[in-house]
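Take a look at the structure below.
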Amino acid sequence: MPGKNSIVVRLVLVITLFSAVIFAATLGYNYYRSRVILQNELESNARNLAMSLVYRVEAQLMAVAKVTAGVARSLETGKYSEQQLHSLISTTVADNPEICGSAVAFEPFAFSAKARLYAPYYYRKNGKIVFDRLENSYQHLPYLYWDWYQIPRELGRLEWSEPYFDEGAGNILMTTCSVPFYKEIGGKRQLQGIVTADISLDALTEYISSVKILRTGYAALLSRNGMILTHPLKDAIMNETFFSIAEARNDPYMRELGRKMVRGETGFVYYKSLVGFPSYMYYTPIPSTGWTLAVLFPEDELLENVRRLSMTMAAMGLVGIVLLILAVISIARAIIKPLQVLTAATDEIASGNFDVALPAASSNDEVGVLTHDFQVMEQSLKEYIRNLTETTAAKERIQSELKVATDIQASLLPRIFPPFPEHPEFEIYASMVPAKEVGGDFYDFFFIDERNLCFLIADVSDKGVPAALYMMVAKTLLKTEGQRLGEPDKMLFSVNNILASGNESCMFTTVFCAILDITTGEVRFANAGHNPPLMIDSQSVRYLTPKPGLMLGAMTDTVFVTERLTLEPNAVLFLYTDGVTEAKNPEDALYGEERLLKAMQIAPERDMVSLIHYISSEVAHHASGASQSDDITMLAIKMAKKRPA
């Protein structure tokens, strides 16, 4: 069973994740674009449907308006008796099936000086055309005050009334087309009355209600004041307005939408219908009446096919991802299986078993190449381990030999302090810390005779074994020639000629050589290119300025000069190699002669051991852990406070 870190598992997870993300993005974009396209098409279709209904309604209304206007013109141009007037009205109703009633309502005393109001009315009832007198039907409120009479009378033009239920004659829900007619009297055009034509809204609302939009969509008709004329909610017809429903819902958006309808605007909006479901609605006015026709498309039904298609695509995508995962697992296992065998073999190799058999390279793909490379690597590793073993053994032998060389070199330098306990006239101490196993610095001190002590410090060019060998030769020569010649300049001259002869390695050494007369404190010294020593006496701490001299081994017949100084009681002469002043910290800043001078000014002077240890600690503090780049050697000699008599 592959672990959670298995390549197969990670490959399956990555491919599944990316496939799912890509598919989800594609499906989401497809759903979004489908909705946008559907909405655009819906708006076009809704507009076409609404305009088709408007044209049908408008055609019917225009036909009635033309008939009504024709009757009004006939009354203006002709003179009609009462019988002819009745005939004109009844014929108008009979010849126009869409008109359910028609009347000619006269101004007071306009028809007859004997009758104040006169308004004959013919209307359909039970399939017959019957007659009535409107002045008798509206006894509680004369027809002069009704909207169908007042509004066209005041505006002087054709007007459609707001829908109303006629309780006077027709007793049906209707709207009235009213046209004023006039007569020239005394050169003035005076209003004679209003010609009306009633149409029943039942047929109109039934026609609009019969429009089927999807399963539950519908068309609705609103009056110019927002009164609901046709709607699936039967209780709302002629009882509710668009604004009263908006007020009941406390819906500012619906109120604003109602204002747009009343203003005769056209629009396509997302809207929660009166029956409570989210819909897309297209609304437009009917020009003749100012009413608003609206068609509503339920969102759920509209997007049903899109959602069904999206769900089908989602199911297909899920099946596709599952099949893809199975294919990836199959292919990955076929690839990983030889890798697992190779991994098991390499684990054995990693544990130290270099004789384990690697699987054969059975293919020419990357796995086969990797297997072949591991086989080559195994052989190379065996060879490398064998060579490394031999090299390590050789290195260990060299390290052992270097350890012996270190011990030998250390044994060549004086290490017992005080070295001359029988001579209280002076105190001397020295130390040498090599940068490698063996170093090129050295120091020495020895008696030439009973009263003359020779002491010196030297620094061989280079470090390591070559410098150590050269150092041993130089040290031996300096001691031999010093005991033989007894003067610093002669010692250096003789040793230089010996070292410079046949010096094919071009090595050399700097030396500061001095001889102390322990009875007088006089020091005779000569310098062969070495660092100037420091003097500590009662006056100050200062560097000496010996005459310059060439280092030993550079060239033959070099002349050196002996100089003299006297060490007062408690005065100290401090010798050192450049490993002290050239010690570096991690920022490559040198310790330097200035720091050494300041350290000597505060260094303890009680004994030479404390002095050298103090300088060593100061140099180590400056280095701050940086690797030592050169040998560090120091020698200090101090005259006793009182010399023995």
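Here is the figure for segment 545-562: residues that are touching a strand residue (DSSP E or B) at 6+ places or on another chain (Cβ under 6 Å) and more than 20 Å from T509 (Cβ to Cβ) total 0. With respect to (1) among the acidic types (D, E); (2) free of Cβ contacts under 8 Å to residues at least 60 places away in the same chain; (3) closer than 19 Å to Y443 by Cβ, the lone exception for D631 is condition (2). The requirement of being open to solvent by 50 Å² or more (accessible area, probe 1.4 Å), over 30 Å from Y123 (Cβ atoms) and at pLDDT below 90 is not satisfied by K260.
Residue by residue, here is whether (1) farther than 25 Å from H613 by Cα; (2) open to solvent by 20 Å² or more (accessible area, probe 1.4 Å); (3) not β-branched (V, I, T) holds:
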{"site": "L516", "(1), (2), (3)": "no, no, yes"}
{"site": "V523", "(1), (2), (3)": "no, no, no"}
{"site": "I536", "(1), (2), (3)": "no, no, no"}
{"site": "K547", "(1), (2), (3)": "yes, yes, yes"}
{"site": "A571", "(1), (2), (3)": "no, no, yes"}
{"site": "L575", "(1), (2), (3)": "no, no, yes"}
{"site": "E587", "(1), (2), (3)": "no, yes, yes"}
{"site": "R595", "(1), (2), (3)": "no, yes, yes"}
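For segment 429-469, a residue qualifies if it is in a helix (DSSP H, G or I) and surrounded by fewer than 23 Cβ atoms within 10 Å (Cβ to Cβ), and the qualifying residues are G464, V465, P466, L469.
Scanning segment 102-142 for residues that are outside any loop (DSSP other than H, G, I, E, B), surrounded by 17 or more Cβ atoms within 10 Å (Cβ to Cβ) and of a type in the set (F, W, Y) yields F106, Y121, Y122, Y123. Just one of the listed residues (K188, K183) is open to solvent by 10 Å² or more (accessible area, probe 1.4 Å), in the same structural domain as F111 (by TED's automatic domain parsing) and out of contact with any strand residue (DSSP E or B) (no Cβ under 7 Å at 6 or more places or on another chain), and it is K188. Of the residues making up segment 283-299, just one is out of contact with any Phe, Trp or Tyr (no Cβ under 9 Å at 6 or more places or on another chain) and open to solvent by 20 Å² or more (accessible area, probe 1.4 Å), namely P287. Of the candidates D489, D517, D462, the single residue that is among the acidic types (D, E) and closer than 29 Å to P424 by Cβ is D517. Only one entry in T92, T26 is under 17 Å from I194 (Cβ atoms), of a type in the set (S, T, N, Q) and in a helix (DSSP H, G or I), namely T92. Counting only residues that are among the small types (G, A, S) and within 16 Å of K479 (Cα to Cα), segment 510-552 holds 3 of them.
Counting only residues that are of a type in the set (G, A, S) and under 53 Å from the mean Cα position of the chain (by Cα), segment 565-595 holds 3 of them. Taking the condition in contact with a helix residue (DSSP H, G or I) (Cβ under 9 Å, 6 or more places away or on another chain) and closer than 27 Å to N48 by Cα, does I213 pass? Against the criterion (in contact with a helix residue (DSSP H, G or I) (Cβ under 9 Å, 6 or more places away or on another chain) and closer than 27 Å to N48 by Cα), I213 qualifies. If you go through segment 1-38 and keep only what is of a type in the set (K, R) and either at pLDDT below 75 or under 20 Å from A334 (Cβ atoms) (or both), you end up with K4, R10, R35.
The values are calculated or read from the model by the stated rules, or taken from the named source; none is laboratory data. Every value quoted in this text rests on a predicted model; they were computed, and no experiment measured them. Quick reminder, even Gly has a Cβ in these numbers, built from the backbone with ideal geometry, and neighbours come from all protein chains shown. For the accessible areas, the whole protein counts, side chains as well, though only heavy atoms, and no ligand, DNA or RNA atoms are used. Shrake-Rupley method; radii C 1.70, N 1.55, O 1.52, S 1.80 Å.
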